[in-house]
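The values are calculated or read from the model by the stated rules, or taken from the named source; none is laboratory data. The model shown is predicted, which means the values in this text are computed figures rather than measured ones. Positions of Cβ are backbone-derived with ideal geometry, glycine not excepted, and every protein chain shown enters the neighbour counts. Quick note on the areas: whole protein, heavy atoms, side chains included, nothing else; ligands and nucleic acids left out. Shrake-Rupley method; radii C 1.70, N 1.55, O 1.52, S 1.80 Å.
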Amino acid sequence: MRNTDKAWERFGQIDPYFAVLAHPRFRAAAEEGETRREFFDSGVEHVERLFATIRETLDPEFAPRRALDFGCGVGRVTIPLARHVAQVVGVDVSDSMLDEANKNCEAAGVRNVTLLKSDDSLENLSGVFDFLHSFIVFQHIPARRGAKILRAMLRRLSGSGVGALHFIYDIHAPGWRRLLRELRATFPLVNGLANLVKGDSLRRPYIEMHSYNVNRLLLHLQEQGCHRIHLRFSDHGVYKGIVLLFKKETLPLS
C-alpha cells in the first residue's frame, strides 16, 4: 500500500495553497491580496452551505460543540468551522501544512483550534467528536488505507454525532491517462519527465487521485450505527464525487 505522506509534506513546504485547491491562481494565495481572500472565503462559503444542508436534511438543531477536520491543510475550512464550533481539532500528515495552518489561525484571531499530526489510526486524538468533516482529502489517499482512517474516525463519533465526508467514486478518463497516472505515482522519474513536459519543476510531487467503492463506504457507516444518511454529488470534470452526510442514529424499519 503506497504511502503518500512524503509528497504532502513536500507540497506543504513548496506550494501549500495550490495543494489544497489545485488551481494555478491559488499559488498566489500565500501572499496577501485578492487571491488569498478568495481562497479563505471559499472555506467560509463551504462551511455555511454545509451547515445549512445538515440542518435541512439531517438535524434542524445541529450545533456541534467539538469538531474534527481531517486533512485540515492550511486551515481553509478549519478557521470558519472554529467560528461555529466551540472546539475544533485539525489533523494533517504534513508538519509544514500544520505550521502554515497555525500561522493562519493566529492571523485570524482563532484561539479554539488544536492542530495535530495525523496517522492512520488517529492515535494523537483524544475523546469523541459530534462533527466529523473532511473535504477533497480522501481522494488523495489509496482506498484501502483511507478505509482504515474512515473506520478510526467513525469510532470517535459521539452518539447522535454528524459527519460530512467527501470521496471520489469514479474517475472518467481513457485508459492511457489512467496508466500514466499510475506510472507517475509509482516512478518518480516518470513524474519528473511529465512535469518537465508541462514546464513544471522536476521535483514537484504528483497529486494522486483515488476512487472509493460507495457500497463499502455505506457498510462502514452502517456498522458504526450511522443510519440516517443524505448524499450530495460533486463534479470536478473527470472526477465524480459524493459527500456523505450522516448522523449516528439507528432508524427502525417502517
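Just a few scattered comments:
- Selected residue (criterion: nearest to the chain's Cα centre (by Cα)) from residues of segment 77-86 that are surrounded by 15 or more Cβ atoms within 10 Å (Cβ to Cβ) and closer than 30 Å to Thr250 by Cβ: Val77
- Restricting segment 49-71 to residues that are without any contact (Cβ under 8 Å) to a residue 24 or more places away in the chain and not small (Gly, Ala, Ser), the residue that is surrounded by the fewest Cβ atoms within 10 Å (Cβ to Cβ): Glu61
- Checking Arg27 against (1) within 16 Å of the chain's Cα centre (by Cα); (2) surrounded by fewer than 23 Cβ atoms within 10 Å (Cβ to Cβ); (3) under 25 Å from Pro188 (Cβ atoms); (4) touching a residue at least 12 places away in the same chain (Cβ under 8 Å), the condition it does not meet: (1)
- Counting residues in segment 107-127 that are in contact with a strand residue (DSSP E or B) (Cβ under 9 Å, 6 or more places away or on another chain), surrounded by fewer than 16 Cβ atoms within 10 Å (Cβ to Cβ), among the basic types (Lys, Arg) and in a strand (DSSP E or B) gives one or more.
- Checking each residue in segment 64-83 for being part of a loop (DSSP other than H, G, I, E, B) and closer than 14 Å to Phe129 by Cα picks out Pro64, Arg65.
- Residue, nearest to the chain's Cα centre (by Cα), within segment 187-222, restricted to residues that are under 27 Å from Arg155 (Cα atoms) and free of Cβ contacts under 8 Å to residues at least 40 places away in the same chain: Leu218
- Comparison of Glu38, Glu100 shows that the only residue that is surrounded by fewer than 19 Cβ atoms within 10 Å (Cβ to Cβ) and outside any strand (DSSP E or B) is Glu38.
- Being buried (at least 16 other Cβ atoms within 10 Å of the Cβ), within 15 Å of Leu116 (Cα to Cα) and touching a strand residue (DSSP E or B) at 6+ places or on another chain (Cβ under 8 Å) is not true of Val74.
- Some residue of segment 108-123 being under 19 Å from the mean Cα position of the chain (by Cα), touching a residue at least 40 places away in the same chain (Cβ under 8 Å) and over 26 Å from Ile229 (Cβ atoms): yes
A quick yes/no check of all residues on (1) of a type outside the set (Val, Ile, Thr); (2) closer than 18 Å to Leu165 by Cβ; (3) out of contact with any Gly (no Cβ under 8 Å at 6 or more places or on another chain):
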{"residue": "Arg10", "(1), (2), (3)": "yes, no, yes"}
{"residue": "Ala19", "(1), (2), (3)": "yes, no, no"}
{"residue": "Ala28", "(1), (2), (3)": "yes, no, yes"}
{"residue": "Gly33", "(1), (2), (3)": "yes, no, yes"}
{"residue": "Arg37", "(1), (2), (3)": "yes, no, yes"}
{"residue": "Asp41", "(1), (2), (3)": "yes, no, yes"}
{"residue": "Val47", "(1), (2), (3)": "no, yes, yes"}
{"residue": "Thr57", "(1), (2), (3)": "no, yes, yes"}
{"residue": "Ala63", "(1), (2), (3)": "yes, no, yes"}
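- Residue check for Val91: open to solvent by 50 Å² or more (accessible area, probe 1.4 Å), of a type in the set (A, V, I, L, M, F, W, C), closer than 26 Å to His230 by Cβ and touching a Leu at 6+ places or on another chain (Cβ under 8 Å): no
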